1. So which residues in segment 234-245 are under 20 Å from residue 295 (Cα atoms) and in contact (Cβ under 8 Å) with a residue 24 or more places away in the chain?
2. How many residues does segment 282-303 hold that are buried (at least 18 other Cβ atoms within 10 Å of the Cβ) and either over 19 Å from residue 247 (Cβ atoms) or not assigned by the TED database to the domain that holds residue 244 (or both)?
3. When the residues of segment 248-271 are narrowed to those that are touching a His at 6+ places or on another chain (Cβ under 9 Å) and surrounded by 12 or more Cβ atoms within 10 Å (Cβ to Cβ), which ends up farthest from residue 305 (Cα to Cα)?
Amino acid sequence: MTANQHHHHPNNNYQQQAPSTTASSSSMSHSSSLHPTTSSQETTAQQQLQQAFSNMQPFGTNTTITTQQEFDANEIIKQAMEKCNRLFMDMENFEQNLRAWSNNKMNGFQKAVSAQTQMFQNCQNTINNLRVKIEKANEKRQVVEENLKQNYEMVGQLEQQFEERTQYNEELPEVLKNRLAELERYKQAVEQQQEKNRNLKKLYDEHNELLALRLQNSYFQENLGIYFERCERNGVPSLIVSFKIQGMERLGLEQCHFVLSVTDGIYSIQECVPSVSSDDLIETLNQTNQFGRFIVCFRKRFKTYIVSHSNH
């Protein structure tokens, strides 16, 4: 409901009554000539109009209202009413614009209040979050302070260890010099002991070799008539292997023998009397290292040679 609906202006009533007044004045002029009697309402309106014109007339003028004057008064009233209507319309437009502006401002104010409320709530939430973070930061600070305290203690211990280590490093060159001298003496002692061990091993190997050779000599001498003798040919350790074979005297031989040498672990025949083929036997010996079998096979070669040449 608008303001115009709440308040009825007196001018509106007057605007509605103005045509009636004009009509009453016109009817009054006509009724005076046509109808001798008028209604009380028309009489009252005429009296009011005459009173209005009387108020408009200067003092001392004739107060009698003519028909032209009545028409002019009606025209003035009509123009006044039109101006009043325009004024009321302007006032209504102003009220509507004012109401729209007020509503717009109120909506803007409500939005601003809502935004400020939301901002306040956000600020409150931010403050609460900051408080939580501050509490956590205080807890972490306490932990950091405790760690710093422990670190300071460790630094003190490290400084003490550093001083001790510095003193040790200052003494270290002399200690190293003594240790190096001691190490050199130990190294010489180790080398001497290794040399002794090598000599002992060499003697032990020679002893075992001689023992094995003696055992072989004993076996081969008793059963096969084979004899072994160590010698050296051209600076190379060698072994003379001699055989007593039946019938060799008929060939003018006192014994059959060959000289076996070893160079870098490889066997070779240096001398063979009588001369028999032995390349395959040497190859087999280097492959299998079966010395006993080699001796037996070589004896057979000598025996075959003696038998074959005795028949001739």
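1. To start, the set of residues in segment 234-245 that are under 20 Å from residue 295 (Cα atoms) comprises 237-245.
Matches in segment 234-245: 237, 238, 241, 243, 245.
2. Selection size over segment 282-303: 3.
3. Here is the first cut: in segment 248-271, the residues touching a His at 6+ places or on another chain (Cβ under 9 Å) are 250-251, 271.
Remaining after also requiring surrounded by 12 or more Cβ atoms within 10 Å (Cβ to Cβ): 251, 271.
On the way: 251: 10, 271: 16 Å.
The residue in question is 271.
The values are calculated or read from the model by the stated rules, or taken from the named source; none is laboratory data. Being a predicted model, the structure only gives us computed values, none of them experimental. Virtual Cβ from ideal backbone geometry, glycine too; neighbours counted across all protein chains shown.
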